[in-house]
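Here's the structure we're looking at; comments come further down.
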Amino acid sequence: MDFIAITLFFIILLIALSIVWSTLKTGISPMMSSTQARQTMLAEISTDEKGTLIDLGSGWGTLVIAVAKKYPNKQVVGYEVSWFPWLVSIIFKYSMGLNNLRLYRKDFKNADLSGAATLVCYLFPGAMVALEDKLKHDMAKSITIVSNTFALHSYKPVKVIKLKDFYKTPIYVYHWQPN
Ligand SMILES: C[S@@+](CC[C@H](N)C(=O)[O-])C[C@H]1O[C@@H](n2cnc3c(N)ncnc32)[C@H](O)[C@@H]1O
């Protein structure tokens, strides 16, 4: 093996290890929402709502890029902790000239969500508990939440759409109201 092949091997190994590490740390891999899930989630996003749409774990950026492209007048934000998927999403954002999309390498639990009109997510049960806690403490207005697969712990959805896929994946839609 020559020097370039060895270097490439270590770069790929480093990327793979970083994805495994962040998956173990967060509890979910950067797996994308399926096309069907993404289309269903997009259909539940109201364009009339003023305010930002935030993805609480934007992964490779597929969902936020689709929203930012479809609604160029809507501000779209993605938070992502895993650096390689985040870097890839940043490259797509700039190569597509999506000026209405901001992508932060940050844990959503430490982010200011007060400007959001809509939250979208595809997380895991523990993160949904953390999200509900954060909303109870920090969210002072009504918002829409669209969640792929995982439900909020103690909040009732206004709608549950079952996808026509093998797992009958549920998409939960909430109209969150502050107490
Ligand atoms: C299953 S992927 C979903 C990607 C994208 N939202 C989609 O639907 O295609 C979940 C992503 O959430 C990220 N994540 C998990 N916990 C997070 C947290 N607390 N803050 C920010 N990102 C998080 C993971 O690193 C992963 O990339």
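Total residues in segment 19-57 satisfying the condition of being part of a loop (DSSP other than H, G, I, E, B) and more than 10 Å from the ligand (Cβ to nearest atom): the figure is 8. Taking first residues from segment 108-120 that are over 26 Å from Gln39 (Cβ atoms) and within 11 Å of the ligand (Cβ to nearest atom) and partners that are among the small types (Gly, Ala, Ser) and open to solvent by 10 Å² or more (accessible area, probe 1.4 Å), the Cβ contacts under 6 Å between residues at least 6 apart in sequence or on separate chains come to Lys109/Ala130.
Yes/no per residue for (1) within 18 Å of the chain's Cα centre (by Cα); (2) within 16 Å of Ser46 (Cα to Cα):
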| site | (1), (2) |
| --- | --- |
| Val120 | yes, yes |
| Met128 | yes, no |
| Leu131 | yes, no |
| Asp138 | no, no |
| Ser142 | no, yes |
| Phe150 | yes, no |
| His153 | no, no |
| Val158 | no, yes |
| Pro170 | yes, no |
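When Val67, Val81 are screened for being within 14 Å of the ligand (Cβ to nearest atom), open to solvent by 40 Å² or more (accessible area, probe 1.4 Å) and closer than 26 Å to Ser114 by Cβ, only Val81 passes.
Here Trp60 clears all of (1) part of a helix (DSSP H, G or I); (2) open to solvent by 50 Å² or more (accessible area, probe 1.4 Å); (3) aromatic (Phe, Trp, Tyr) except the condition numbered (1). Counting the residues of segment 81-132 that are polar (S, T, N, Q) and more than 17 Å from Gly51 (Cβ to Cβ) gives 5.
Taken as a whole, the condition of being free of Cβ contacts under 8 Å to residues at least 60 places away in the same chain, of a type outside the set (Val, Ile, Thr) and in contact with a Lys or Arg (Cβ under 8 Å, 6 or more places away or on another chain) applies to Glu80. For Ile54, state whether it is open to solvent by less than 90 Å² (accessible area, probe 1.4 Å) and modelled with pLDDT under 95. Here the answer is no, as Ile54 does not meet what is asked.
The values are calculated or read from the model by the stated rules, or taken from the named source; none is laboratory data. Computed from a predicted model, the values in this text were never measured in an experiment. A quick note on method: Cβ atoms are made from the backbone with ideal geometry, for glycine too, and the neighbour counts reach across all protein chains shown. For accessibility, only protein heavy atoms count, side chains too; no ligands or nucleic acids. Shrake-Rupley method; radii C 1.70, N 1.55, O 1.52, S 1.80 Å.
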